[in-house]
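Shown next, in structure tokens, is the structure this report addresses.
Nothing in this text is a laboratory measurement; each read-out follows from the coordinates by a stated rule. Computed from a predicted model, the values in this text were never measured in an experiment. Because the Cβ atoms are built from the backbone with ideal geometry, glycine has one as well, and the counts that use them run over all protein chains shown.
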Ligand code: ADP
Ligand code: MG
């Protein structure tokens, strides 16, 4: 995929406007978790090292819904950003420029025009800052047709930042329509709706599809199993059958868990592992069982490329975390394979199990954006970087 990327010539002596994703969790006005700040450093450092005249940073933070919510002010990001960049940064409540070298502007989502993609908002920013070039570095917002993401296109040159470049480089190979030899795709999580297009795509080009989580309950039911009181989407039953057919037509092995961990409730102290045939009545499937773990580990061990999105159980609760932890460790352990993962809760699981991102080839910063990209959708934020 051809996109325009950062070069030294493009930024030297230029006023650079960067749309990052610094949407970190805050607690008491402090950054509680800094992954997204760390991920944005390579681009900012590149701009500093390559002689940008001025750097203006835009980000959203939380969900203020088009209103000023003082607790979600971008100014709370300044200390953490300054610490990691080793530069002083001026906070600008308005979208206007001062003399400072690096300026961070207020939360773009304080403005209702952000979500509605009202061209007046980017026009105001261009007027106030007079940028020479726009850098999109927030991959996690690239699927959103919002003012600060796509609104500068057609006015100033738009290029990908280092993070977006890295994401595209790692994810593009999977847009293939041809089979990718040794590819195993593990999909879990709660909602079919957000994953079904990805499942359809990979049912054509993978060797193995492994499903877990609430998602697999829908597939199990589609295959005629009783899933008791498990979370399950009856409305998606036909789609599940279609995915199974696509897999079969394309010689892709589709793996549902052969056994599962059940309880009557996610807070129940007692959980039991049973073969899938034994689920009935009030039972709720909350994790994959030991035999499933075993067989999934073997498939992962023998794979050459592995993509993982979505926990395979309610990993937040101890009795149901083993499946997700085992999958994460098995993927991390396979050092012969190219390993790619993404998803908000998938990354949350890594954190919980204290597994470093360095164990994998690529950990995507996009949850929804990664899924939409892998579906083959055109992401509005990426489209403006082409040609
Ligand atoms: P990601 O953010 O990584 O894409 P999702 O948001 O799709 O993942 O799904 C994560 C959620 O799915 C977690 O909160 C987890 O508790 C839930 N989940 C996983 N397995 C089950 C299950 N069997 N029943 C109910 N919820 C589940
Ligand atoms: Mg999620």
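Over the Cα atoms, compute the radius of gyration (one decimal) and Dmax (the largest Cα-Cα distance, rounded to a whole number) for segment 1-78, in Å.
Cα-based Rg and Dmax for segment 1-78 come out at 14.6, 42 Å.
Residue separation times 0.36 nm, minus the C-alpha to C-alpha distance between residue 223 and residue 169: what's the value?
15.7 nm
In nm, give the distance between the simple-model label positions of residue 270 and residue 75, each being 7 Å from the Cα along the Cα-to-Cβ direction.
5.7 nm
What nm distance separates the two modelled labels at residue 377 and residue 98, each placed 7 Å from Cα along Cα→Cβ?
3.9 nm
With just the Cα atoms defining each centre, how far is segment 292-319 from segment 320-387? Give it in Å.
13 Å
May I ask for the Kirkwood hydrodynamic radius of segment 84-231, worked out over all distinct Cα pairs and given in angstroms to one decimal?
Roughly 19.2 Å, rounded to one decimal.
Where the centroid of each part is defined by its Cα atoms, how far is segment 230-253 from segment 145-183 in Å?
Going from one Cα centre to the other spans 28 Å.
To test your reading of the geometry: what angle, between 0 and 90 degrees and rounded to tens, separates the Cα axis of helix 162-171 from the longest principal axis of the chain?
It works out to around 30 degrees.
Counting pairwise Cα distances across segment 168-236, what percent come out greater than 19 angstrom?
38 percent
Return the FRET efficiency for the residue pair residue 301, residue 1: r is the Cβ-Cβ distance, R0 is 30 Å, and the value is rounded to the nearest 0.05.
Rounded to the nearest 0.05, the efficiency is 0.45.
When each pair of different Cα atoms in segment 253-387 is counted once in the 1/r mean, what is the Kirkwood radius in angstroms, to one decimal?
16.2 Å
For segment 11-138, what are the per-bin percents of Cα-Cα distances with bins 5 Å wide, up to the bin holding the maximum?
With 5 Å bins starting at 0, P(r) equals 2, 11, 22, 26, 21, 13, 5, 0.
Please list log₁₀ I(q)/I(0) at q = 0.15, 0.22 Å⁻¹ for segment 218-272, using the Debye equation with identical point scatterers on the alpha-carbon positions.
-0.53, -0.90
Peptides 264-273, 179-188, 328-337: what's the order by average Cβ count within 10 Å, highest mean first?
Per-residue mean Cβ counts within 10 Å order the peptides as 179-188, 328-337, 264-273.
Assuming R0 = 22 Å, can you tell me the calculated FRET efficiency for the pair residue 49 and residue 358, based on Cβ-Cβ distance, to the nearest 0.05?
Working from the Cβ atoms, E equals 0.40.
Gain in length, residue 9 to residue 33, computed as 0.36 nm per residue apart minus the alpha-carbon separation, to one decimal in nm?
5.2 nm
Across every pair of different alpha-carbon atoms, what Kirkwood hydrodynamic radius in Å does the chain reach?
It is 22.2 Å.
What distance in nm separates the two pseudo spin-label positions at residue 67 and residue 241, each 7 Å out from Cα along the beta-carbon direction?
4.6 nm
Which order do the peptides 214-220, 366-372, 29-35 come out in when sorted by mean C-beta neighbours inside 10 angstrom, highest first?
214-220, 366-372, 29-35
In Å, what is the Rg of the alpha-carbon atoms in segment 106-162, and how long is Dmax?
Cα radius of gyration and Dmax of segment 106-162 are 10.7, 29 Å respectively.
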